[in-house]
Amino acid sequence: MAYAESEERDAVKDMAFDPATREWSALPDDPLPTTYGRTMAWSGRELVLFAAESVPQPGAEKPSVVIAAAFDPRAGSWRRLRDSEILGGGGRWFAHDGRMIFPALGGADGGETGNWGRTYPNGGILDLDENRWLPLPDGPHGDEEFAAGTVAGERADVFGHGDWILDAVVGKWIPVPPLDDRGGDILVSGRALVATGRHVVAFGGARSTGNGSMELLADAWTWSIP
């Protein structure tokens, strides 16, 4: 799939590549209004589009929340899904048991100027079969912790080393130990992180030397999700 991250300037087509014919074809127009922050994730049966509606001055009275639609490749058609009350951002969607999980802790209320009247959570769960949104399990030590991924059985998606990942099977948060390499990981950036089964591998990155230059790293670390 190749999709536009925003429709605010140009109405571009989302495209699908067929490896059998080695050709691209355009998807039918989705049923959402003009959006930005668009991303797609495969549920196992459908291609789910998540986005935020482009509205005048978003956040003045209420935030621009995540809206969604699902594309059935066999039927070649979209279905509009119920709008959420989550803000999104700062994570990745994870498919498990007919649900799409966005493991982002915390939330926002719009601040003192343009306050929305309540706090909207960053993350949530979309139940595709019931077409309804569910809250994430309560965050550890409050909701200000960082969520670093999701695990379900022998599948995981981990995008942070430290803080917490959500076990989608039991509905609990698992602490992720921080890397402890040669005085800490605070100044390391660009580290590659990937999960294979319940094993997480972190490699490389660059550390600031304190004089404006960077030191390339070749370290590899592994951690097994308990």
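Pairs of Cα atoms under 8 Å, at least six residues apart: use those to get the relative contact order of the range 125-226, whole percent. Intermediate results must be reported in sequence, preceding the final value.
Numbers: 177 pairs, mean separation 17.1, N = 102.
After rounding, I find 17 percent.
For R45, what accessible surface area do you get with a 1.4 Å probe? Give it in Å², rounded to 10.
Approximately 130 Å² of R45 is accessible to the 1.4 Å probe.
For the chain, modelled as a Gaussian network with Cα springs under 10 Å, which listed residue fluctuates most, W164, W24, W116?
Among W164, W24, W116, the largest GNM mean-square fluctuation belongs to W24.
Have a look at G76, G44, G160 and tell me which one the Gaussian network model of the chain (Cα, springs below 10 Å) gives the largest fluctuation.
Comparing G76, G44, G160 in the GNM, the peak value goes to G76.
With every protein chain present, what accessible area does S77 have (1.4 Å probe, heavy atoms only), rounded to the nearest 10 Å²?
Answer for S77: close to 60 Å² accessible.
Take H141, H199, H161, H96 and sort them by solvent-accessible surface of the protein heavy atoms, 1.4 Å probe, largest at the top.
Largest to smallest exposure gives the sequence H141, H199, H161, H96.
Keeping all protein chains in position, work out how much accessible area D138 exposes to a 1.4 Å probe, and write it in Å² to the nearest 10.
140 Å²
So what is the relative contact order of the chain, in percent, for Cα pairs below 8 Å that sit 6 or more residues apart?
10 percent
In nm, what is the difference between 0.36 nm times the number of residues separating V170 and M214 and their Cα-Cα distance?
11.7 nm
Want the number for T39 to R132: 0.36 nm per residue separation, take away the alpha-carbon distance, what's left? Could the numbers behind the result be given before it?
Working: separation 93, 0.36 × 93 = 33.48 nm, distance 1.90 nm.
Net length gain for the segment: 31.6 nm.
I need the phi-derived Karplus couplings for the range 119-125: 6.51 cos²θ - 1.76 cosθ + 1.60, θ = phi - 60°, integer Hz, Gly and Pro marked x.
8, 9, x, 6, x, x, 10
Say the dipole of the range 44-182 comes from +1 at the beta carbon of Lys and Arg and -1 at that of Asp and Glu; which of G124, G107, P73 then lies farthest toward its positive end?
Farthest along the dipole direction, towards plus: P73.
Using a 1.4 Å probe and counting only protein heavy atoms, arrange D18, D30 so the residue with the most accessible area comes first.
Greatest to least solvent exposure: D18, D30.
Leaving out ligands, DNA and RNA, and with a 1.4 Å probe, what % of the accessible surface on the chain is carbon or sulfur? Display every interim value, and only then the final one.
Details: 6440 of 12820 Å².
C and S atoms contribute 50 percent here.
Under a 10 Å cutoff between Cα atoms, tell me which one of A148, A195, A104 has the largest fluctuation in the Gaussian network model of the chain.
A195
In square angstrom, what is the accessible area per residue of the chain with a 1.4 angstrom probe?
57 Å²
Of [x] 53, 52, 42; [y] 63, 40, 35; [z] 48, 40, 34, which one was derived for Cα extents along the principal axes in Å from the structure shown?
Answer label, from the structure shown: [x].
Can you tell me the dipole magnitude for the chain around its Cα centre, using point charges on the Cβ only (Lys, Arg +1; Asp, Glu -1), in Debye to the nearest 20?
Around 380 debye, computed over the chain.
Can you sort M40, M100, M1, M15 by solvent-accessible area, 1.4 Å probe, largest first? The partial results should precede the final answer.
Numbers: M40 25, M100 0, M1 110, M15 55 Å².
Largest to smallest exposure gives the sequence M1, M15, M40, M100.
The values are calculated or read from the model by the stated rules, or taken from the named source; none is laboratory data. The structure presented is a predicted model; accordingly, all values stated were derived computationally and were not measured. All Cβ positions, even for glycine, are placed from backbone atoms using ideal geometry, and neighbour counts span all protein chains on display. Accessible surface is based on the protein model in full, side chains and every heavy atom, while ligands, DNA and RNA are left aside. Shrake-Rupley method; radii C 1.70, N 1.55, O 1.52, S 1.80 Å.
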